[in-house]
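Before any comments, here is the structure.
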Amino acid sequence: MKDAKDRCDESRMAGTMKISIAGGKGGTGKTTVAIGLASAVREDVLLLDCDVEEPKCHHFLNPKEMDARSLSVLTPNVIAQKCTGCGACRDICEYNAIIMLGSKPLVFPELCHGCGECIHSCPTDAIVESLHEIGVIERGRSGRVTLVQGKLNIGEVISSPLIRAVRAHEKGNELTIIDSPPGATCPTVAAVKDTDFVVLVAEPTPRGYGDLVVAVEMIEALKLRYGIVINRVGTGDDRVHRYCKTKEIPILAEIPSDGRIAEAYSLGRAIVDALPEYRNLFIDLLEEVQGSVMS
């Protein structure tokens, strides 16, 4: 029987994979799984916390120092003297960030994705761009884990540019784990897109089942490989298990409803540190993911 150390060493072959952790709602256990994976392996890991509205990974890793830099995006401004009120900028904006009030455009910076299409569409060069700060990116290290996280400024509603900036730290030569935002919206798509495998975390409850169905539809639309981790097993009912069996979705791991896990979480401790008996569960999970990617 291999011990945890031997099996951790074997997991080094997972080296260059990009694994995203997603789920249908907040509090499902995504961060628990992300931290568990990052803490279980005996290799350098890049952990990207893309839940930029409420990043939590730093609470468990406690890096000594975090370098920070602000992130700004370009947003359009209209030069009134040049604008003819043709509405071309409004017509081309996919995000409804520009509306027309009579013959004058009104820009909503909080809805702008910074694509620049409005500028290119303007026939009189009446639109210019200015920088608008949306958040910060922080980077630090704790043991073998390099943590990069984004923090969205209060009041900002567009997080995808910040998520893409966090993901720009991917190197391609080390195991990368991405803690995604909850739900199945644009920020989650930005976090899981182009990853090798998506681990969907679900609770065995009616709400957990409904959220899982939506998350699965998103991942299948993106044509990504995925599997399920069921958290807090022993609560709720069996509809998540039945759904996975019906759709032939692999259940990669099951984490029991254990009060000690909740206590460790509340104290900001990783499961594998507070409860070493769970280390093999996360090593098994990594091996399952690796097997699915290589099959």
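Inspect segment 23-40 for any residue being in contact with a Lys or Arg (Cβ under 9 Å, 6 or more places away or on another chain) and free of Cβ contacts under 8 Å to residues at least 40 places away in the same chain and give the result as yes or no. The answer is no, given that none of the residues of segment 23-40 is in contact with a Lys or Arg (Cβ under 9 Å, 6 or more places away or on another chain) and free of Cβ contacts under 8 Å to residues at least 40 places away in the same chain. Residues that are within 15 Å of the chain's Cα centre (by Cα) and over 30 Å from E43 (Cα atoms) do occur in segment 155-167. In segment 84-96, the condition of being closer than 22 Å to I154 by Cα and without any contact (Cβ under 8 Å) to a residue 60 or more places away in the chain is met by at least one residue. Number of residues in segment 120-151 that are open to solvent by less than 40 Å² (accessible area, probe 1.4 Å) and assigned to a helix (DSSP H, G or I): the value is 1. Of the residues making up segment 248-268, those that are open to solvent by 30 Å² or more (accessible area, probe 1.4 Å) and closer than 25 Å to M17 by Cα are E248, P250, I251, E254.
Applying the set (1) modelled with pLDDT under 95; (2) assigned to a loop (DSSP other than H, G, I, E, B) to T84 leaves exactly one unmet item: (1). Scanning segment 248-290 for residues that are touching a residue at least 40 places away in the same chain (Cβ under 8 Å), more than 25 Å from the chain's Cα centre (by Cα) and closer than 20 Å to G27 by Cβ yields nothing.
Out of all the residues in segment 58-67, is one or more closer than 26 Å to D196 by Cα, of a type outside the set (F, W, Y) and open to solvent by less than 10 Å² (accessible area, probe 1.4 Å)? No, because not a single residue in segment 58-67 is closer than 26 Å to D196 by Cα, of a type outside the set (F, W, Y) and open to solvent by less than 10 Å² (accessible area, probe 1.4 Å).
If you filter segment 231-247 down to residues that are free of Cβ contacts under 8 Å to residues at least 40 places away in the same chain and among the polar types (S, T, N, Q), you find that the one that is surrounded by the fewest Cβ atoms within 10 Å (Cβ to Cβ) is T246.
The values are calculated or read from the model by the stated rules, or taken from the named source; none is laboratory data. Everything numeric here is computed off the predicted structure, so don't read it as measured data. Backbone-built Cβ (ideal geometry, glycine too); neighbour counts: all protein chains shown. Protein only, heavy atoms only, side chains kept; ligands, DNA and RNA dropped before computing areas. Shrake-Rupley method; radii C 1.70, N 1.55, O 1.52, S 1.80 Å.
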